[in-house]
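Novice: One structure coming up, written as structure tokens, with questions to follow.
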Amino acid sequence: MGLIETEHRFPCAQCGASLRFAPGQARLSCEYCGHEQPIPQMDDATRVTELQSLDYHEAVANALPPAAMEETRVISCNTCGAQVEFEANVHSAECPFCASPVVTDTGANRHIKPHALLPFKLSESDAQARMRKWLKGLWFAPSALSKYARSTGRLSGLYVPYWAFDVATQTRYTGQRGTHYYVTVGTGKNRRRVQRTRWRNVSGEVQRQFLDLLVMASQSLPRPNIRRLEPWTMADLQPYSADYLSGFRAEAYTVELPEGFEIAKERMDEQIRADIRRRIGGDDQRISSVATDYSDERFKHLLLPIWMAAYRYRGKSYRFIVNGQTGRVQGERPWSIAKIAGAVLAGILFLVIAFYIAELGGL
């Protein structure tokens, strides 16, 4: 695994400097002379055509059309294995995922092209404000963390790879439907009403069509944290254009399509079991067996926007992640042992003083 190195540079027509995509705007802008260049927008009919999904089984059989594939140059992060795009003239950098030094090591990598993306809506300054607010709410965080947020606070704008699956499912199930009833037990003071459950065997079938079921296609970020960045507004998807990547980096996928589909099955199973419980009904449900058939499996390779900071504390990396579309924040955090110990001692002291005052009051 490594870092993808691809050049996405757009020279300014007025001064020659690199244009950058302006979050929340359909344009590129020059931070030196202020020149702006609109990003060409597709009409609705073309957009629908460009956003059509690909056949999953064709992809697994390496039978996708050539236009769906691309080849890039690869560089490596030996610490976390992330794959991230760097400008072609970069030969060493700090990995945005783990803050470790990275030295490039080029090679060839053929993979499925990004299909579409969600453009950044939040600027870096907006994301910094969200991150600082989140950090202020952390109890017992080291003082160095607050200092980092006030002074450095730099965020990297990254497009993270996702598989978005469209799947039709048909599930057969067996289980039991529970109906609550109450009986009176005991005598005298011990007389009371107790809940009981009457169980009846059931079986049936549920169907569900999953659309744009998202699975992160990399292992560089904790999957539980990245899931808590959801939901994403998929109606804002745009056909892939390198214009939106200008000034940002894009991570390449390291979770291959079949592995991603297995993760998607786990997410589908969560929803299918919820559907089964609703179908069983009653006051309580037991699911004995589940057998799901999958059909019309299709997918898209998407890039979704995040702002991220990698922070090292006592030799360990911590990441703060901000959804570049909605501003939702998730992260890993260190704990200050000194602050926790101080809080415990303060609590003990408070109890001792309270006990002493109570004893005086009783004299």
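Every number in this text was worked out from the coordinates using simple rules, so none of it is lab data. Only a predicted model underlies this, so the values are computations on that prediction, with no experimental measurement involved. Please note: Cβ atoms are built from the backbone with ideal geometry, for glycine as well, and neighbour counts cover all protein chains shown.
Novice: For residue 39, which sequence-distant residues (separation of 5 or more, or a different chain) have an amide H within less than 5 Å of its own amide H, given hydrogens modelled in the peptide plane?
Specialist: 27, 28
Novice: So what's the net charge close to residue 234: Lys and Arg +1, Asp and Glu -1, counting the other residues with Cβ under 11 Å from its Cβ?
Specialist: Its environment carries a net charge of -2.
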